[in-house]
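Just below is one structure, and these are the notes that go with it.
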Amino acid sequence: MKAKLMILAASLLMTTVATFGSDEPKKAGVAVVPMNGAELVKVIYKSETAGKVQVKVYNAENSVVYSGSFADTKGFILPLNLTQVGYGEYTFEITDASGKRTETLIYEAAKSTNNIRIAKLDAGEGKFLVAVTSPKNEKITVRIFDNFNNLLHNEVKSVNGDFAQVYTVKNLTGTCTFEVSDDAGLVKTVRF
C-alpha cells in the first residue's frame, strides 16, 4: 500500500512539474526592411527570451541564397546586400524556439528619377531651375519648402514633352527643399 502511494505521489508530482514547470517560449518580432532602394535589406529580430535563431533566405526557385544563425540572442539587426543574388522574389525564413516565421520581399530595379532635374542657378539669389523630360502627357507636382519644412509653394503642371521653369524663392533665409513628383509616383527631393 505504501509503495502504491509513493508511485501515485511521484506520478502526480511529475505531472505537476510537466504542467507548471515548463516555460513556453515567448513570442518574437520579425521585420524585413528594405533600405537604399531595396538592394540593402535589414532583418530585424527581437524576442523576450534569449535563444538560438536561424535565418535562411530563399530565392524564387526555393534555393537557399543565405543561411546564418545566432546563438543565445534576444535580438539582432542583420544587414543583407541583395545585389549579389539579383532581382527577384525572396523569402526570409526565421526559426527560433517559438517556431518558424517567413517574410517575402520583391527585389526589383529602383525606379529612375533621371527625368527630373533640379538645380540652383548662379544668376541670382533664390533662383532655381526645375526641368522634366517626359515622352508622354503627364502632370508633375512641384513643392517648395523652407528650412522648417513649411510649404512655400505647391503647383501642378501639365507636361507635354519637355518642361523647364525657373522658380524664384524670395526672402530666403537658410535652406529650402524642392520636391518634384510625376504621374508614375517618382519623387525627387533636393535640399539647397
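Read the figures in this text as sums done on the coordinates, not as results from a lab. Computed from a predicted model, the values in this text were never measured in an experiment. Backbone-built Cβ (ideal geometry, glycine too); neighbour counts: all protein chains shown.
Some points to look at:
- Label zone at Lys42, where the point sits 7 Å out along the Cα-to-Cβ direction: segment 61-81 residues whose backbone N lies under 13 Å: 76-80
- With a threshold of 23 Å on the Cα-Cα distance, the over-threshold entries among Lys127/Lys188; Lys139/Lys170; Lys127/Lys157; Lys120/Lys157 are Lys139/Lys170.
- Segment 25-107, relative contact order in percent, only Cα pairs under 8 angstrom and at least six apart counted: 32 percent
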